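Asks: Below you'll find the structure I mean.
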Amino acid sequence: MNFLSLYYFVELSKDLHFTKTAERLYISQQTLSNNIKSLESYYNVKLINRKPKVTLTYAGEKLLAFAKEVLLKNRDLEDMFSDINDDLSGSLKFGASISRATISLPKIFPVFTKKYPNVQIKYVDDISKNLEPLIVNNELDFAIVISERPGLNIKSLKLMDDQIYLCVTNKLLKEYYPNNYEYLKEKSKKGASVEDFKLLPFSMMSNRLGNKIESFFIEKEIEPKINFSSTYSQLIIPFCSSSLSACFASHATLICLKEDVTNDMNLFPLFHNGEAVRRPITLITQKDRYMNSYSKFFQSLIVEHFDTIKNINLNTYLFNK
């Protein structure tokens, strides 16, 4: 029995398909099969049912739990010895959506690599609900997610409460609200409600934020006019800037997409039932995981960077007002 065989076994349990796992790991099917057979021989037990399809046996399920724990403990031990030996090489696996990675990595990476030039950062682009299991399964070291209640075996550190804004240009407001444009604009500076803007066309994010905002319309018995939807805020903001539609964007996203925000755009903090609409941006790691020196430094850079972001005045930053 060796760590590599346990690793291959854990990876096979994800696909339950020898070909797919071998291709994903860039090894031959024979190599994968030999490692599984080696484990079965070592423990003198059948771990895999190969026909009619690949499944774990009862013994295989027990070994899977054991293997995950052993591999995690081994990684912790390697990190401890890395600190003891002052070994400043290795890798960090970091997950975030492309928008949150764009907000953070370009600022953090130069500082990190200057201190730890021999540590490689491996980035995984995915949405919050898919990143949490990767942390639990030890496939990521860190992830930035939108999460209020992290799952079991997750350690979370809130980075900021990200205010959501209703974004609309003066041109679009005047077109759809010609008679009370000035009143609506002044009123919404302190907080905008979706019912006050029900006539506008919207570009909507097709994610949890978009679903949440659509539920606000439905609660007020309004069917929003959605003329464009996308999972990418990089597409949504330009539509808004061009006065084709209004949209919703967060404080952090607007900072990231500064170049797409025009001087004609209004940013009204979104409120619902009298409360500001915010999303908690959280940094998550695996609970009880040993954190070596460069991991601690990476975490400190993330926290410091988001402290800076949350204290930025949007009007000053975006419009020089």
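Asks: Just to verify a result, which residue in segment 185-197, among those that are under 16 Å from ILE222 (Cβ atoms) and out of contact with any strand residue (DSSP E or B) (no Cβ under 8 Å at 6 or more places or on another chain), is most open to solvent (accessible area, probe 1.4 Å)?
Replies: Looking at the filtered set, the residue picked out is GLU195.
Asks: What number of residues within segment 1-46 are of a type in the set (A, V, I, L, M, F, W, C), over 34 Å from the mean Cα position of the chain (by Cα) and over 22 Å from ARG75 (Cβ atoms)?
Replies: Residues that pass the stated criteria total 1.
Asks: Is segment 138-146 home to any residue that is among the charged types (D, E, K, R), open to solvent by 80 Å² or more (accessible area, probe 1.4 Å) and either closer than 30 Å to LYS14 by Cα or modelled with pLDDT of 95 or more (or both)?
Replies: Within segment 138-146 (the criterion being among the charged types (D, E, K, R), open to solvent by 80 Å² or more (accessible area, probe 1.4 Å) and either closer than 30 Å to LYS14 by Cα or modelled with pLDDT of 95 or more (or both)), the answer is no, since none of the residues qualifies.
Asks: Where the second residue is open to solvent by 60 Å² or more (accessible area, probe 1.4 Å) and not hydrophobic (A, V, I, L, M, F, W, C) and the first is in contact (Cβ under 8 Å) with a residue 24 or more places away in the chain and under 28 Å from LYS258 (Cβ atoms) and lies in segment 152-169, which pairs have Cβ atoms under 7 Å and are six or more apart or on separate chains?
Replies: MET160/LYS310; ASP161/ARG278; ASP162/ARG278; GLN163/ARG278; ILE164/ARG278
Asks: Among what's in segment 277-320 and is under 30 Å from PHE217 (Cβ atoms) and more than 22 Å from the chain's Cα centre (by Cα), pick the residue that is surrounded by the most Cβ atoms within 10 Å (Cβ to Cβ).
Replies: Among those residues, the one meeting the criterion is LEU318.
Asks: What number of residues within segment 216-261 are open to solvent by 50 Å² or more (accessible area, probe 1.4 Å) and of a type outside the set (Asp, Glu)?
Replies: 15
Asks: Another question about this same structure. Considering only residues of segment 260-312 that are in a helix (DSSP H, G or I) and of a type in the set (Lys, Arg), which is nearest to ASP196 (Cα to Cα)?
Replies: Ranking the qualifying residues of segment 260-312, first place goes to LYS310.
Asks: Looking at ARG24, ARG50, can you tell me which residue is basic (Lys, Arg) and closer than 16 Å to GLU139 by Cβ?
Replies: Testing whether each residue is basic (Lys, Arg) and closer than 16 Å to GLU139 by Cβ leaves just ARG24.
Asks: Go through (1) touching a helix residue (DSSP H, G or I) at 6+ places or on another chain (Cβ under 7 Å); (2) not in a strand (DSSP E or B) one by one and return the number of the condition SER203 breaks.
Replies: (2) is the only condition that SER203 fails.
The values are calculated or read from the model by the stated rules, or taken from the named source; none is laboratory data. No experiment lies behind these values; they were computed from the predicted model shown. Neighbour counts are summed over all protein chains in view; Cβ atoms, including those assigned to glycine, are modelled from backbone coordinates with ideal geometry. What goes into the accessible areas is simple: the full protein's heavy atoms, side chains included, and nothing from ligands, DNA or RNA. Shrake-Rupley method; radii C 1.70, N 1.55, O 1.52, S 1.80 Å.
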